[in-house]
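Worksheet for the structure shown next.
Nothing in this text is a laboratory measurement; each read-out follows from the coordinates by a stated rule. What you are looking at is a predicted structure, and each value in this text was computed from that prediction instead of being measured. Please note: Cβ atoms are built from the backbone with ideal geometry, for glycine as well, and neighbour counts cover all protein chains shown.
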Amino acid sequence: MSSEKKLSFFINESKSLTESNFEKNTRIAVIGSFTLNGLAETLQVKCAELKIFSHIFTGGYNQYNEEILNPKSNLYSFKPEICFLLLDTRTILGDLFFNPYDISNNDRKNFIETKFNELANLISYFSEQSQCKIIISNFVAPTYSPYGIVESKTEYGLQKMITDLNSKLLDKFKNNPLVFVFNFNGFVTNHGQNNIFDYRQYYLGDVRVSLEKIPHLANELMSYVKPILGKNRKCIVLDLDNTLWGGIIGEDGFNGIKLGHNDPIGKSYIEFQKHLLSLHKRGIILTVNSKNNFDDAMKVIREHPNMVLREENFACLKINWNDKVSNLREIAQEVNIGLDSMVFFDDDQMNRDFVISAIPEVLTVEMPKDPSQYVPTLLKLNDFNITKITEEDKSRGKMYVEQRKRTELQKSTNDFNEYLKKLDIKLSIKNANEFSIPRISQLTLKTNQFNLTTRRYQEEDILKFSSSDDKIVECVKVSDKFGDNGITGTYIIIKKNNEEWIIDTFLLSCRIIGRGIEDIMMNQIIEKAKTAGIKRIKGQFIPTEKNKPAENFYKDLGFKQEDGFWVFNTNDTIKKPEHIEMVKNE
Amino acid sequence: MSNKLYEILSQVFNVDISLINDQSSPETIESWDSFHGLALIDAIEMEFNIQFSISEITDIKNVDDIKKHLKNHSVEIDNGKKF
């Protein structure tokens, strides 16, 4: 089991936290049907470890109904950003917990239906009244029944009541982005009912999660807090020797390393790789940071029959004799990801210590000495959680690998223009439609570097613009010989009058900067303007901390400054890159 | 041994160890409420590797009582000086 500090440590620590020392803050509420002392304080300390100050609120003992239903309650005036609602089986079943068979099958069914509806309405009401993310625990299925082994032969018996309730809860909130159902039942399974439930603490203080396990519960709940506050991580950096395989390739040789199905040590590494691969498939980036001879190591990755992770799963491979810290910084740069989004696995304590002291923003995992424990160590991490799986997540791994191949091509091509030609870039520029509008909005919200005006628009805004007669919203889909980048550019034009159009928004994802795509986009705008008889195109460059890459864009294309705007006369010629193919609208 | 017990109290109740003596109780230590009392029992049990019964726990009114019950579990707390 992961080691956690004692609850009293967390309670004391939380007293010494002051908001002024933190740049970011949040508001977390913990309410429920039993004694919850200490949980909010523990969450507060764990948030502090992430450099976030959390205001906390613990609900009154079993006051969750009143707190949710009373619009003037302390819960609402606290204005939580995240609220944990922890209920338990004894509360929901009441006397039926002891004597479920006092009533008929049908009555038990109706009872659960009623309880479910009450709970669902309560949560929906709370959700409407607050802008809060709500995490409700599911219910622990009793393992004991007065019927013993024939419990399994009953019609809608005690255990079925709870599993059915849990199932209804999951279905009800599956598509609600604001509500999560926390698998409390799973948590208890992981730790053991006897460790979670201490009868003495229960009888003495109605404590239903033992004080010893509250910090573990808090750790589990941080799985929600981390992605909600944007503190989740997206990239795993892996050492090779004794991390992905047993032994040292440079010493033991291709046939000497332990990566076999018939060997218990080899199996440990194979399963570790399998779990890493499954994370990669849902969007976690994998990279390598290894002190090795490149060819020796690549031979294993490319050719070893039992290797699960292959070259195409890695977005970046730093296999060299440089130090681990420099490699990590280069990986961060090449993959274009923050150091605080990285998780580092290395079996060597010295390497780990070096990275921890030089770049503490990277999460360096304290790997156990025993490789059979690598898998449980990986599975326990709660840093990879996300609040929603998108298609982009699923293809992210592949996209990063494609990017790596582009970088390799560029390195091997001396002339940049040669490289651009070899990329075989194809563009398709289309009007915004119901499929592209969410992506266009997302681009305006997330793009910082090549963004001329950094105007942020929600989906409703883009929808409004694209359906209005005096605006044009188009988006750019880019693909090349290595793969499809998807929709990675957009512009919004305001048709001011018969003579002039104004560029309100013009941006490109940083993935595709520097290939001439922005020039083609501007060509497109000018063509359209000319066709519509427009004489002038105007645009602004609004400087920010991050958009320096775009500051000379208008100037380089031949726009002229006029009253704070950059202006282009549509009769003039504009440079047009030759290496990009436009795919016409269908 | 008295040290170790006082250390635990000091940590759980967040008070200076010099303020703890055998007569310390919920009346003399502000943060010794029922919840922290449970936390105290939990910490003592983990430290000395024992388990108190519910009757023993309800019988604990002050530090002296803790020592008495620890003795019943073969844990000797000497009555020497605090430091």
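Quick notes on this structure:
- Think of segment B:8-83 as having a plus end and a minus end, set by charges on the Cβ of Lys, Arg, Asp and Glu; of B:L70, B:A39, B:T28, B:L70 sits farthest toward the positive end of this dipole.
- Cα centre as origin, Lys/Arg/Asp/Glu Cβ charges: the protein assembly as shown dipole, Debye: 2080 debye
- Size of segment A:414-582 as Cα extents on the principal axes (Å, biggest first): 46, 35, 35
- Relative counts (whole %) of C-alpha pair distances in segment A:345-494, using bins that are 5 Å wide: 2, 7, 11, 12, 13, 12, 12, 11, 9, 6, 3, 1, 0, 0
- Listed by chain and number, the lysines whose C-alpha is less than 16 Å from the C-alpha of B:K67, apart from same-chain residues fewer than 8 away, are B:K4, B:K81, B:K82.
- Cross-link partners of A:K51 among aspartates and glutamates, defined as those whose alpha carbon lies under 16 angstrom from its own and excluding same-chain residues fewer than eight positions apart: A:E13, A:E19, A:E23, A:E41, A:D340, A:E361, A:D383.
- Computed over segment A:7-228, the ratio Rg/Rh where both radii use C-alpha atoms and Rh is Kirkwood: 0.98
- Of A:K234/A:K267; A:K24/A:K548; A:K174/A:K267; A:K422/A:K495; A:K5/A:K291, those spanning more than 28 Å from alpha-carbon to alpha-carbon: A:K174/A:K267; A:K422/A:K495; A:K5/A:K291
- Considering only A:L378, A:G246, A:I503, and ranking their Cα positions along the charge dipole of chain A that arises from unit charges at the beta-carbon of Lys, Arg, Asp and Glu, the one farthest toward the positive end is A:I503.
- Residues listed by number, segment A:147-161, amide nitrogen under 16 Å from A:N105 label point at 7 Å toward C-beta: A:150-161
- The value of relative contact order for chain A, using C-alpha pairs under 8 Å at least six residues apart, is 9 percent.
- Difference of contour (0.36 nm per residue) and Cα-Cα distance, A:S16 to A:T114: 30.8 nm
- Value of relative contact order over segment B:2-72, rounded to a whole percent, pairs C-alpha under 8 Å and six or more apart: 32 percent
- Normalised Debye scattering of chain A at q = 0.12 Å⁻¹ gives log10 I(q)/I(0) of -1.26, counting only Cα atoms as equal scatterers and leaving out solvent.
- Dipole magnitude (debye, nearest 20) for segment A:235-391, charges at Cβ of Lys, Arg, Asp, Glu: 460 debye
- Computed as a quarter of the hull surface, the mean projected area of the alpha carbon convex hull for segment B:1-81 stands at 4.6 nm².
- Summary of the geometry: segment A:95-151 and segment A:256-334, compared by the centres of their Cα atoms, lie 46 Å apart.
- On the principal axes of its alpha-carbon atoms, segment A:168-285 has extents of 61, 37, 26 Å, going from largest to smallest.
- Amide H partners (placed H, <5 Å) of A:T26, local residues excluded: A:F53, A:S54, A:H55
- Divide the volume of the convex hull around the Cα atoms of segment A:235-391 by the residue count and you get 111 Å³ per residue.
- Nearest-0.05 FRET efficiency for A:S77 and A:N417, computed from C-beta distance (R0 51 Å): 0.20
- Here the label points at A:L170 and A:T544, each 7 Å from Cα along the C-beta direction, are separated by 4.0 nm in the simple model.
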